[in-house]
Amino acid sequence: MPRHDRSAVRDGDAGLPVTAFFTTRAGGVSLAPYQSLNVADHVGDDAVAVERNRGIVSERAGAPVRFLNAAHGIAVGHVTAQTRTLPLADVLVASEAGVALGAIAADCAPVLIHDGASGAVAAVHCGREGLYRGVIDAAMAAIFDLRGGWSDGALLTASIGPSICGRCYEVPVEMRERVASRHPAARASTRQGTAALDIPRAIESRLAEFGFGDVVRSTSCTFEDESYFSHRRDGVTGRHAGVIVCEGPGGSTRIAR
Ligand SMILES: [Zn+2]
């Protein structure tokens with residue numbers, strides 16, 4: 001695999017030391033309103049089309065991707081090559097080489113985490129409710145559990161994928177204040193000056209508190225950029241994904257920056 005370089009981040013590459021990327025709407029087989037690379041099987045799309053799309057994404061990952069089934073909570077699912085049925089969980093973690101995880105979203109943030117200490121990876125679906133309830137902390141608890149310790153945050157890297165931005169995600173004032181009471185970095189305002197939430201900024205802030213060595217954050221807003229699915233913009237629509245492949249302990253075929 002090529003040596004990794006931040007300046008070379010393109011085609012949705014997540015900028016992590018292992019194979020990790022974010023998909024867009026392009027390159028799939030689903031028809032309107034799911035056109036075209038919809039990977040969600042719970043949004044009313046044709047099941048055969050979704051399976052084909054998941055196959056396309058798995059081909060890019062080089063391994064069969066296990067996509068999470070979000071419940072907007074903090075449940076964690078540990079995935080191995082033997083895992084048959086995935087639980088409802090907004091966090092999937094894996095420490096076995098060759099296991100690929102996918103976090104689906106359409107405005108919520110897909111977050112990919114790699115632990116250079118253990119080789120473990122996590123795929124997280126983080127929206128307003130998950131953030132408030134502690135889904136990032138749940139992911140980190142699982143990562144530290146696999147690692148067997150809390151030190152050396154510098155070996156952790158993460159990538160926050162395309163999501164609705166703080167200028168677009170208008171919410172009632174009470175909702176903003178509820179989330180901001182736990183995550184002050186989430187407090188935002190729309191271009192019109194009304195109450196809003198900045199979920200990706202709050203995630204980045206929380207990851208910094210865990211001492212991450214590096215956090216890459218997408219600059220794309222799903223609500224503004226029609227190359228991504230947006231539930232708020234389109235209502236009935238598909239989901240894109242963040243995908244990360246576990247390479248096992250010490251396994252990082254890509255050289256970190
Ligand atoms: Zn926006």
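The values are calculated or read from the model by the stated rules, or taken from the named source; none is laboratory data. It should be emphasised that the depicted structure is a prediction, and the values quoted were computed from it without experimental measurement. Ideal geometry is used to build each Cβ from the backbone, glycine not excepted, and the neighbour counts take in all protein chains shown. Accessible surface areas use protein heavy atoms only, side chains included; no ligands, DNA or RNA. Shrake-Rupley method; radii C 1.70, N 1.55, O 1.52, S 1.80 Å.
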Which one of HIS125, VAL39, SER227 is farthest out on the positive end of the charge dipole of the chain, using unit charges on Cβ (Lys, Arg +1; Asp, Glu -1) and the Cα centre as origin? SER227
Net length gained if the chain between THR194 and ALA75 were fully extended (0.36 nm per residue, minus Cα distance): 39.6 nm
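Once you order the gyration tensor axes a ≥ b ≥ c over the Cα atoms, which shape class does the range 178-257 get: rounded for a/c under 1.5, otherwise prolate or oblate by comparing a/b with b/c?
Note, shape of the range 178-257 comes out oblate.
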The range 69-120 - percent of accessible surface contributed by carbon and sulfur, probe 1.4 Å: 54
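From the square roots a ≥ b ≥ c of the eigenvalues of the alpha-carbon gyration tensor of the range 117-159, which class results: rounded (a/c under 1.5), prolate (a/b over b/c), or oblate?
Working: a/c = 2.33, a/b = 1.92, b/c = 1.21.
It comes out prolate by the Cα gyration axes.
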In whole Hz, with x marking every Gly and Pro, tabulate ³J(HN,Hα) for the range 136-143 from phi via Karplus 6.51 cos²θ - 1.76 cosθ + 1.60, θ = phi - 60°. 5, 5, 5, 4, 5, 4, 5, 4
Selection from ALA100, TYR169, HIS183, by position along the positive dipole direction of the range 48-193 (Cβ): TYR169
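Once you have a ≥ b ≥ c as the square roots of the Cα gyration tensor eigenvalues for the range 107-257, tell me rounded if a/c is under 1.5, and otherwise prolate or oblate according to whether a/b is larger than b/c. All intermediate terms of the calculation are to be shown ahead of the outcome.
On the way: a/c = 2.36, a/b = 1.61, b/c = 1.47.
Verdict is prolate for the range 107-257.
Identify the chymotrypsin sites (Phe, Trp or Tyr not before Pro) of the range 133-204 meeting these criteria: DSSP loop state and at most 13 other C-beta atoms within 10 Å of the C-beta. Please report the intermediate quantities before stating the final value.
Details: sites: PHE144, TRP150, TYR169; in loops: TRP150, TYR169.
When the chymotrypsin sites (Phe, Trp or Tyr not before Pro) of the range 133-204 are filtered for loop state and at most 13 Cβ neighbours within 10 Å, TRP150 remain.
About its Cα centre, how strong a charge dipole does the range 56-159 have in debye, to the nearest 20, once Lys and Arg get +1 and Asp and Glu get -1 at the Cβ? Can you show the working numbers first?
Working: 6 positive and 9 negative charges, 38 e Å.
About 180 debye.
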Dipole magnitude of the chain about its Cα centre, charges +1 at Lys/Arg Cβ and -1 at Asp/Glu Cβ only, in debye to the nearest 20? 260
What is the distance in Å between the Cα centres of the range 188-257 and the range 158-181? 12
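Write down Rg/Rh for the chain, rounded to two decimals, with Rg from the C-alpha atoms and Rh from the Kirkwood relation over Cα pairs. Display every interim value, and only then the final one.
Working: Rg = 17.0 Å, Rh = 18.0 Å.
We get a ratio of 0.95 for the chain.
How big is the antiparallel share of DSSP beta bridges in the chain, given as a percent to the nearest 5? Please list the in-between numbers first.
On the way: 29 of 41 bridges.
Taking every DSSP beta bridge with both residues in the chain, the antiparallel ones total about 70 percent.
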Would you look at the GNM of the chain, springs on alpha carbons closer than 10 Å, and say which of ALA49, ALA109, ALA241 moves the most? ALA49
